[in-house]
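Each remark here refers to the structure printed beneath this line.
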């Protein structure tokens, strides 16, 4: 068949194959010719454009004019800026500063710069028309974000944010940041209101120089093996690695500032330390970390620190078999000079007086916290009669435990299926109790402290003595505020059984107590010492 048929509306029509092929050739030839024509036109326009850009164009600014040649479109604005020395002034928002305790507002600065967008638009117009009409460079004003009037109108609200301290804390650390004392960390932004936030680089530097050094630490692994007698031996101090996420901290702090929140959680990322134990130890059920008790005692006298160090060594390697009740005093043994202890202040009914072993309550408090965090049943625990600042440096008030051989003890029970091993040590001004055993899946959550009934004694007590020169005054006890604390411990056992335990503590208010030097005759005759001693710490 030499004919190609087509149908249109049901009616056939057709052409011969020769005519059809001829038509295809004509269409293809026309398309090629048209494409070649378009390409030649574009080439011609590109040549003219290149010649135009190379020949240059006049640009004017105020009373100055220059011909820029050749023109680089991408950097045309920079060429104009440099060639005509176009001035610019950076815009600056109004700034609130604090100088010698007084606030001052520096006014805003309105900036100006070369109008680069208009300059490029004019150039593109000239290129399209190949016009040599000079381009006039212009300046554009830049308004700052925050004006002096903005800060003044909202100053009371802003000052409240700056004066209110932000407390950033975790279980083991607490820092207070009052922005008025660190105005270099502060920046302001204008939304519906003027918002206070923390600058990235200065805040990062501040935290790095201060908080980071106290928090960050590398992970230290531990291995456990049989030691001498009934005790175990530890190689390595078993410390989780800690890393403070500074950027997350800044985000959390900025969110708190936005919502007038004064307490935030430190975003500390923990790298658990690894534990390896010998087969003999594993057979006892001692395989992993159950809890870590941690306290600090910065500012303690030398004798107190010495006694804490001696006391911590008494418990290192102690094993608590399953079902057994641990007694702190039983494992501590005699507290006297023959067992390595020095005299230091001890809280007693008659006052705070020096005795052998003063400071051992730091050891018992650290052990108590380890038992709390492990979810072990507390059999016996007594809080101190008044609140001692050493025990609140980490964790806060209300989770301390006082001991006194023969009178007060700390006891808790091992209700797990395997033995529990204790690792205890003092390092610098920090104490650690780590409990190892077999994790049965129980979870522990601590909530508190809720502090109520704050009160003060408000009196002063003077006691005459011949141990001091006549008229000499020595403080023997500092007044402490009294209050009550309440913690909750939530324990969830495998299978979902949950319990809620209240940990209540009452701390009495104490008075300032002084020794006043006097003669034996004055003491025998009942001569009173000065009512209000002129004593300074």
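Remarks
- Here the calculated FRET efficiency for residue 30 and residue 131, from their Cβ-Cβ distance with R0 = 35 Å, stands at 0.45, rounded to the nearest 0.05.
- Placing pseudo-labels 7 Å out from each Cα toward the beta carbon at residue 157 and residue 429 gives an inter-label distance of 4.1 nm.
- Looking at the chain alone, DSSP beta bridges between its own residues are antiparallel in about 85 percent of cases.
- Segment residue 219-residue 62, length gained on full extension (0.36 nm per residue, minus Cα span): 49.8 nm
- Helical mean residue ellipticity (222 nm; -39500 (n - 2.57) per DSSP H run of 4+; nearest 500) of the chain: -8500 deg cm²/dmol
- Coordinate range along principal axes, alpha carbons of the range 14-148, Å, largest first: 102, 38, 17
- Residues 400, 260, 409, sorted so that the one with the fewest Cβ neighbours within 10 Å comes first: 260, 409, 400
- Counting beta carbons within 10 Å around each of 171, 132 and listing the fewest first gives the order 132, 171.
- Rounded to 5, the percent of DSSP beta bridges in the range 204-438 classed as antiparallel: 95
- Relative to its residue count, the chain spans a Cα convex hull of 378 Å³ per residue.
- On the beta carbon distance between residue 382 and residue 255, with R0 = 35 Å, the FRET formula returns roughly 0.30.
- The C-alpha atoms of the chain define a longest principal axis, and helix 360-374 lies at about 50 degrees to it.
- The range 77-124: relative contact order as a whole-number percent, Cα under 8 Å and 6+ apart: 37
- As a calculated quantity, the FRET efficiency between residue 208 and residue 468 at R0 = 45 Å, using C-beta atoms, amounts to about 0.40.
- Mean separation of Cα contacts under 8 Å, 6 or more apart, over the residue count of the range 14-148: relative contact order %: 23
- Counted by neighbouring Cβ atoms within 10 Å, the residues 40, 300 run from fewest to most as 40, 300.
- 0 to 90° range, to nearest 10: angle between helix 17-55 axis and the chain longest Cα axis: 70
- Extension gain, residue 176 to residue 90, is 27.4 nm, computed as 0.36 nm per intervening residue step minus the present C-alpha separation.
- Globularity ratio of the range 260-409, using Cα Rg and 2.2 N^0.38 Å: 1.16
- Cα-based helix-to-principal-axis angle, 116-129 vs the chain, degrees rounded to 10: 20
- Computed from the Kirkwood radius of its Cα pairs, the Stokes-Einstein diffusion coefficient for the range 208-316 at 20 °C and 1.002 mPa s stands at 124 µm²/s.
None of the figures in this text is laboratory data; all of them are computed from the coordinates on show. Given the structure is predicted, the values throughout are model-derived calculations rather than measurements. Because the Cβ atoms are built from the backbone with ideal geometry, glycine has one as well, and the counts that use them run over all protein chains shown.
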